Amino acid sequence: MIELTTDTLDPEKVTASVRRDTNGSVVTFLGTTRDNFEGKKVLTLEYEAFDEMALKKLEEVRQELMAEFGLEQVAISHRIGTVGIGEISLVVAVGSPHRKDGFAACHQAVDRIKEVVPIWKKEVYEDGSRWVACEDHEFSHQDSGQDLGQSAAESHTH
């Protein structure tokens, strides 16, 4: 299951999608909006995505994890749009025969999503805002004929 949505995320639904009798472990990660960052009061987060490429990259991350850890059930749901304090922006659920692989795969999923998926986060503070980590993405010219990471970072710095 891969999902990119403006709707409120349902972690129970995402988790249920990876539960199987063959799995002794189900690990679910919830990325939530906290109310502060480096001493600043955060009001909301705003996520934007290159939808078509984001879905493709989310599926690639899913396939990488399944191959590396020998898994059959990995689900990723990411919210775009405005995400308020305490709300969920990311759900990663991993069903695994053993907990060690489940935890490792879930941890790696979050790191890989931040590295390769064209979803950008804007932190909105009481005294302004900033786009976060646009430059961290690893995009090649092959992905869509241009350097998406660079163009996205440039478009969000104005």
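Quick one: how many residues across region 8-38 are part of a loop (DSSP other than H, G, I, E, B), under 19 Å from Trp131 (Cβ atoms) and either free of Cβ contacts under 8 Å to residues at least 24 places away in the same chain or out of contact with any strand residue (DSSP E or B) (no Cβ under 7 Å at 6 or more places or on another chain) (or both)?
Total meeting the criteria: 1.
If we keep just the residues of region 87-137 that are part of a strand (DSSP E or B) and farther than 20 Å from Ala54 by Cβ, which is farthest from the chain's Cα centre (by Cα)?
Of the residues in region 87-137, the ones part of a strand (DSSP E or B) are 88-96, 119-125, 128-132.
From what is left, the residues that are farther than 20 Å from Ala54 by Cβ are 95-96, 124-125, 128-130.
Details: Gly95: 17, Ser96: 20, Val124: 19, Tyr125: 21, Gly128: 24, Ser129: 21, Arg130: 19 Å.
Ranking the qualifying residues of region 87-137, first place goes to Gly128.
Can you pull out the residues in region 44-60 that are part of a helix (DSSP H, G or I) and not small (Gly, Ala, Ser)?
Asp51, Glu52, Met53, Leu55, Lys56, Lys57, Leu58, Glu59, Glu60
Condition first: at positive phi and at pLDDT 95 or above. Can you find one or more residues in region 114-123 that meet it? Reasoning before the result, please.
Taking region 114-123 as the starting set, the residues that turn out to be at positive phi are none.
Scanning region 114-123, I find no residue that is at positive phi and at pLDDT 95 or above, so the answer is no.
Could you count how many residues in region 58-87 are more than 12 Å from Ala109 (Cβ to Cβ) and either crowded, with 21+ Cβ neighbours inside 10 Å or aromatic (Phe, Trp, Tyr) (or both)?
2
Ser25 fails exactly one of the following numbered conditions: (1) in contact with a Phe, Trp or Tyr (Cβ under 9 Å, 6 or more places away or on another chain); (2) among the hydroxyl-bearing types (Ser, Thr, Tyr); (3) modelled with pLDDT under 95. What is the number of that condition?
With (1) in contact with a Phe, Trp or Tyr (Cβ under 9 Å, 6 or more places away or on another chain); (2) among the hydroxyl-bearing types (Ser, Thr, Tyr); (3) modelled with pLDDT under 95 applied to Ser25, the lone miss is (3).
Can you tell me which of Thr28, Thr82, Thr15 is β-branched (Val, Ile, Thr) and either under 23 Å from Val124 (Cβ atoms) or under 11 Å from the mean Cα position of the chain (by Cα) (or both)?
Details: Thr28 fails: either under 23 Å from Val124 (Cβ atoms) or under 11 Å from the mean Cα position of the chain (by Cα) (or both); Thr15 fails: either under 23 Å from Val124 (Cβ atoms) or under 11 Å from the mean Cα position of the chain (by Cα) (or both).
The unique qualifying residue is Thr82.
Would region 49-66 turn up any residue that is more than 20 Å from Asp10 (Cβ to Cβ) and modelled with pLDDT under 95?
yes
May I ask you to list the residues in region 1-45 that are closer than 20 Å to Gly81 by Cβ and of a type in the set (Lys, Arg)?
If the condition is that a residue be closer than 20 Å to Gly81 by Cβ and of a type in the set (Lys, Arg), then Lys13, Arg34 are the ones that fit.
Starting from region 65-85, take each residue that is without any contact (Cβ under 8 Å) to a residue 24 or more places away in the chain and list its partners that are assigned to a loop (DSSP other than H, G, I, E, B) and of a type outside the set (Phe, Trp, Tyr), counting only C-beta distances under 7 angstrom and pairs at least six apart or across chains.
That search, which allows pairs on different chains as well, returns Met66/Glu72.
Within region 34-42, is there a residue that is within 17 Å of the chain's Cα centre (by Cα) and within 17 Å of His107 (Cα to Cα)? Spell out how you get there, then give the answer.
Residues of region 34-42 that are within 17 Å of the chain's Cα centre (by Cα), as a first pass: 34.
After this cut, where a residue has to be within 17 Å of His107 (Cα to Cα) as well, the list is none.
No; the residues of region 34-42 include none that is within 17 Å of the chain's Cα centre (by Cα) and within 17 Å of His107 (Cα to Cα).
Can you spot a residue in region 29-40 that is of a type outside the set (Val, Ile, Thr), touching a Cys at 6+ places or on another chain (Cβ under 6 Å) and modelled with pLDDT of 95 or more? Lay out the reasoning, then the answer.
Step one: filter region 29-40 for residues of a type outside the set (Val, Ile, Thr), giving 29-31, 34-40.
Remaining after also requiring touching a Cys at 6+ places or on another chain (Cβ under 6 Å): 29.
Restricting the remaining residues to those that are modelled with pLDDT of 95 or more gives 29.
Scanning region 29-40, I find at least one residue that is of a type outside the set (Val, Ile, Thr), touching a Cys at 6+ places or on another chain (Cβ under 6 Å) and modelled with pLDDT of 95 or more, so the answer is yes.
May I ask you to say which residue of Gly128, Gly102, Gly149 is at pLDDT below 95, surrounded by 15 or more Cβ atoms within 10 Å (Cβ to Cβ), among the small types (Gly, Ala, Ser) and out of contact with any helix residue (DSSP H, G or I) (no Cβ under 6 Å at 6 or more places or on another chain)? So that I can check it myself, show each step before the final result.
Numbers: Gly128 fails: surrounded by 15 or more Cβ atoms within 10 Å (Cβ to Cβ); Gly102 fails: at pLDDT below 95.
The unique qualifying residue is Gly149.
The values are calculated or read from the model by the stated rules, or taken from the named source; none is laboratory data. Given the structure is predicted, the values throughout are model-derived calculations rather than measurements. Heads up, the Cβs are rebuilt from the backbone with ideal geometry, glycines too, and the neighbour counts pull from every protein chain shown.
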